[in-house]
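Nothing in this text is a laboratory measurement; each read-out follows from the coordinates by a stated rule. Please read all numbers here as calculations on a predicted model, not as lab measurements. Positions of Cβ are generated from backbone atoms using ideal geometry, with glycine treated the same way; all protein chains shown enter the neighbour counts.
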Amino acid sequence: METKSKYKIGIVCYPTYGGSGVVATELGISLAEKGHEVHFISYSQPFRLDVFCENTFFHEVSVPDYPLFEYTPYELNLTSKLVDVVRHENLNLLHVHYAIPHASAAVQAKNILETYGISIPIVTTLHGTDITLLGKDKSFKPVIEYAINKSDAVTAVSEDLIKETNSHFSIKNEIMMISNFIDLNLYSQKIDENLRLKIAKKEEKILVHISNFRKVKRVMDVLKIYNEVQKKIPAKLLMIGDGPERKKAEQLSRRLNISYKVKFMGKLKSVEEFLSISDVFLLPSETESFGLVALEAMASEVAVISTNSGGLKEVNIDGITGFLSEVGDVSKMSNDALMILKDDDTLTKFKKNAFKHATKFDLPNILPKYEKLYQDLLK
Ligand code: GMT
């Protein structure tokens, strides 16, 4: 459903590498392309907002260094910035991604704005770790619960995340499922043979993992799965991203004597070209509310080996686009990868299925759901 009205929307997100920031930025850019005016509010420019986009604006939240504070109260600076931007840019709506501290800052800003006679609806999108990890922490729980209940609309990126949220918190309003999306135009299903040959020999398969290398991603399992696979078939592993577990992962790859076949590539701005030359994506996460990166892989015709945790089963369809396993079942995950890679016909079948399923999450199928939500709130 196409909305005719054009709105002034404030988007609050984390600017760094990570699914919630990616989704928020891509959403903002797409809304701007449809004629809405989009104001990003964050502590630095979102990393995917690095090209000029008409109708987009960026407002930086600055955090002054004041000697009295042992901990800088970022949430207060964000709240003040929200009040300022809403008032002076005449925003119609605030859409905040990630509950902490964005939703609570927005709720507080809304209260302050009422004293100026301004009423602004708040949409909060829950992304996962704000609920599944931080949400379980007693020191955050009452604030998250309050911010969710005081938002005018709440969305979550998977059915599983809705269930998780309702089971951990006393939520009064209905949470709407609007799944994550990808812009299929950005992904190529064509293999750049020159690039592929720089990474692997013709007969070698390419396995790939992309994450922020946090504990929850279980990057050691990635190496263990690959280790088993490379014993049976010639293959290389690309490890893209960086984070707290990287050093340990590099050490493990040396201990397993596979370091000469594993390429740690660090943080890359654009992962599409490496996905397009890959065969199997490994995501053995402990918890994953959606697994946007698995969807990005599928959009590049890459089969997925993942756990069945959280929302992953809504993205990776067992036996069709790849396989699902219990968390930590390295042996099944390596056997499943070998099953996919056993011959070209099987691999092609999984790759094509992965791409086909990814098309369901294409931007034009999801964007109108957000527009409709805004329209309903602004009626
Ligand atoms: O996965 C991360 O560590 C980053 C985190 C984030 O907040 O950006 O990702 C979460 O949001 C993504 C976008 O909605 C989801 O695709 C990820 O599954 C989710 N991560 C977890 O639930 C661990």
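Details
- If you plug the beta carbon distance of K369 and M339 into 1/(1 + (r/R0)^6) with R0 = 25 Å, you get a FRET efficiency near 0.10.
- Mean projected area (nm²) of the alpha-carbon convex hull when segment 87-132 is viewed from all directions: 3.1
- Relative to the compact-globule estimate of 2.2 N^0.38 Å, the Cα radius of gyration of segment 184-361 comes out at 0.91.
- Filtered chymotrypsin sites (Phe, Trp or Tyr not before Pro), segment 9-53: DSSP coil and at most 10 other beta carbons within 10 Å: F52
- Label point at Y71 placed 7 Å out along Cα→Cβ; residues across segment 128-156 whose backbone nitrogen lies under 20 Å: 129-148
- The C-alpha atoms of the chain define a longest principal axis, and helix 159-168 lies at about 60 degrees to it.
- Comparing S80, S270, S306 in a Gaussian network model of the chain, where Cα atoms under 10 Å apart are tied by springs, the biggest mean-square fluctuation is seen for S270.
- Qualifying GluC sites (Glu not before Pro) for segment 278-367 [loop in DSSP, other Cβ within 10 Å: at most 11]: E326
- Of K231/K261; K163/K332; K198/K352, pairs whose Cα-Cα distance is over 21 Å: K163/K332; K198/K352
- Low-density loop cleavage sites - trypsin sites (Lys or Arg not before Pro) in segment 170-274, where at most 10 other Cβ are within 10 Å (DSSP): K172, K190, K201, K202, K269
- Distance between modelled label sites at E89 and D192, nm, 7 Å Cα→Cβ extension: 3.3
- Relative to the longest principal axis of the Cα atoms of the chain, the long axis of helix 363-378 makes an angle of roughly 20 degrees.
- Modelled spin-label separation between L378 and V327, with each label point placed 7 Å from Cα along the Cα-to-Cβ direction: 4.0 nm.
- Stretchable slack from K6 to E273, in nm (0.36 nm times residue separation minus alpha-carbon distance): 92.7 nm
- Angle in degrees between helix 344-359 and the longest Cα principal axis of the chain, rounded to the nearest 10: 10
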